[in-house]
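Notes for the one structure printed next.
The values are calculated or read from the model by the stated rules, or taken from the named source; none is laboratory data. Nothing here was measured: the structure is a model prediction, and the numbers come from that model. Note: ideal-geometry Cβ built from the backbone for every residue, glycine included; neighbour counts use all protein chains shown. Heavy atoms of the whole protein, side chains included, go into the accessibility calculation; ligands, DNA and RNA do not. Shrake-Rupley method; radii C 1.70, N 1.55, O 1.52, S 1.80 Å.
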Amino acid sequence: MQTISDTSAFLSAALRQPGVIGAVAPSGPALAEVLAAVVPGRDKPVVAELGPGTGPVSRVIGRRLPPGGRHFAVEIDPELADRLELTHPDVEVLRGDAADLGALLYGAGVRQVDAVVSGLPWSLFPEAQQRAILEQVCYVLAPGAGFSTFAYRISTPTAGGRRFRALLHEYFEEVVVSRTIWRNLPPALVYLCRRPTVDRTDA
Ligand SMILES: C[S@@+](CC[C@H](N)C(=O)[O-])C[C@H]1O[C@@H](n2cnc3c(N)ncnc32)[C@H](O)[C@@H]1O
């Protein structure tokens, strides 16, 4: 559950950088559960989370992650990154741009991950940025690993939202769209993607 302090930290980041945060409130528990369902519940999986913000999805990932698993979170906003490190000591926070995902993980000694969970505001990104990040996601996913991400229903008909959905189908053989999660502000849906079409050597 997000606290009042989480919400105020989120709002302050949204006011500071509206084009980077791209939301009016942190994800609610129902959305976080669907996003985190891609995290394997066995063995010692390595998970990369993109854009953790104040950590509502990080919390659910942490609950699912079996002992010995590792949870990396890439956050571009320095204040949110600092805060996440304090509030989620089990998360290995990587400060930087999701477009550098491969290099950030490599710097932490990791080449492949068993799941990528995204909280990024994709519909705000220009196509080149959407492609750059999706290429990195494809590059780091281990064979059989899944990628989950969300879109606000309100943004799916926009040019950025439609282009992002088309790109998901270009970059992944399988794209499964969830039901609408109405118990979220605003209502959202989740895309669950597997089997990248981009070869590791192409990225
Ligand atoms: C819509 S908020 C979602 C936050 C959180 N995952 C949630 O569900 O409440 C988007 C988050 O992505 C981060 N972000 C935006 N662009 C990013 C980028 N290129 N690389 C890493 N993080 C980014 C923002 O700073 C913010 O924390």
The stretch 98-164 - Rg over Rh from alpha carbon coordinates, Kirkwood radius: 1.01
Probe 1.4 Å, accessible area per residue of the stretch 4-202, Å²: 46
Gyration tensor verdict on the stretch 38-154 (Cα atoms; rounded if a/c is under 1.5, prolate if a/b is larger than b/c, oblate otherwise): rounded
Loop-resident sites, the stretch 134-185, for trypsin sites (Lys or Arg not before Pro), counting at most 15 other Cβ within 10 Å (DSSP): Arg179, Arg183
Estimated [θ] at 222 nm from DSSP helical runs (n ≥ 4, -39500 (n - 2.57)) normalised by residues in the chain, nearest 500: -11000 deg cm²/dmol
Share, in percent, of DSSP beta bridges within the chain that are antiparallel, nearest 5: 45
Share of carbon and sulfur in the accessible heavy-atom surface of the chain [1.4 Å probe, %]: 57
Largest to smallest accessible area among Ile76, Ile4 [probe 1.4 Å]: Ile4, Ile76
Contact order relative to length of the chain, as percent, for alpha carbon pairs under 8 angstrom and 6 or more apart: 20
In sequence order, calculated HN-Hα J values of the stretch 165-171 (Karplus, 6.51, -1.76, 1.60; Hz; x Gly/Pro): 4, 5, 5, 4, 5, 6, 8
Approximate shape of the chain as ellipsoid semi-axes (Cα gyration tensor, √5λ), whole Å, largest first: 22, 21, 16
